[in-house]
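Notes for the one structure printed next.
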Amino acid sequence: MKMLEIAKVGKEDVVFDLGCGDGRIIISAVKNFGAKKAVGVDLSDERLKEAEQNAVQNGVRDKIELRKNNFLDEDVSEATVVTLFLLTNANELLKPKFEKELKPGTRVVSHEFEMKGWKPKEVIKVEDGNMHHLVYLYVIGEHQ
């Protein structure tokens, strides 16, 4: 999970995944990186049910929260790391929310789509078979 690696997730982190899908990022955050808590936000009942089943199968259901919500309405102020795999226009909508709610030092990691106008702290290329992806790391307070 390059997104969690680039963010250097550790035992003091609270990871939010906006658009969590099947929960693989939040599960990995607590299981493989030792995050103290991970929160997955999605609008799809089907994806949330899948994420719950995956969390139970991985023995980490007690360390994650699943929330059915529009990510624009979700309070992310508790996060120390936020992961995203959203289109650029969704990232644009989130920027003012992040600047208002996230504390300085919070890491925002976007898979494939940048936060236009923000300066990434790091950009890495991830190879997945024949596919190449970019992962952007932004740090609140250092992103301007």
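Quick rundown of the values:
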item	result
Residue match in the range 48-56 (condition: of a type in the set (Val, Ile, Thr), more than 13 Å from Leu18 (Cα to Cα) and in contact with a Ser or Thr (Cβ under 6 Å, 6 or more places away or on another chain))	no
Options Ala55, Ala51; residue that is under 18 Å from Ile26 (Cβ atoms), modelled with pLDDT of 95 or more and in contact with a Cys (Cβ under 7 Å, 6 or more places away or on another chain)	Ala51
Filter pass, Lys116 being assigned to a loop (DSSP other than H, G, I, E, B) and in contact with a helix residue (DSSP H, G or I) (Cβ under 7 Å, 6 or more places away or on another chain)	yes
Residue match in the range 80-89 (condition: crowded, with 24+ Cβ neighbours inside 10 Å, of a type in the set (S, T, N, Q) and modelled with pLDDT of 95 or more)	yes
Test: residue in the range 91-102 that is part of a helix (DSSP H, G or I), of a type outside the set (D, E, K, R) and surrounded by fewer than 19 Cβ atoms within 10 Å (Cβ to Cβ)	yes
Members of the range 57-90 that are aromatic (Phe, Trp, Tyr) and within 12 Å of Gly21 (Cα to Cα)	Phe85
Among (1) farther than 21 Å from Phe33 by Cβ; (2) surrounded by 15 or more Cβ atoms within 10 Å (Cβ to Cβ); (3) of a type in the set (S, T, N, Q) - the single one Ser110 does not satisfy	(1)
The lone exception for Ser77 - which of (1) among the polar types (S, T, N, Q); (2) crowded, with 20+ Cβ neighbours inside 10 Å; (3) part of a loop (DSSP other than H, G, I, E, B) it fails	(2)
Unique match (being in contact with an Asp or Glu (Cβ under 6 Å, 6 or more places away or on another chain) and surrounded by 14 or more Cβ atoms within 10 Å (Cβ to Cβ)) among Val30, Val39, Val60	Val39
Failed criterion for Gly105 (all others in (1) out of contact with any strand residue (DSSP E or B) (no Cβ under 6 Å at 6 or more places or on another chain); (2) outside any loop (DSSP other than H, G, I, E, B) hold)	(2)
Long-range neighbours under 9 Å by Cβ, at least six apart or interchain, first residue within 11 Å of Ile140 (Cα to Cα) within the range 101-123, second aromatic (Phe, Trp, Tyr) and assigned to a loop (DSSP other than H, G, I, E, B)	Val108/Trp118
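The values are calculated or read from the model by the stated rules, or taken from the named source; none is laboratory data. All values derive from a computational prediction rather than experimental measurement. Ideal geometry is used to build each Cβ from the backbone, glycine not excepted, and the neighbour counts take in all protein chains shown.
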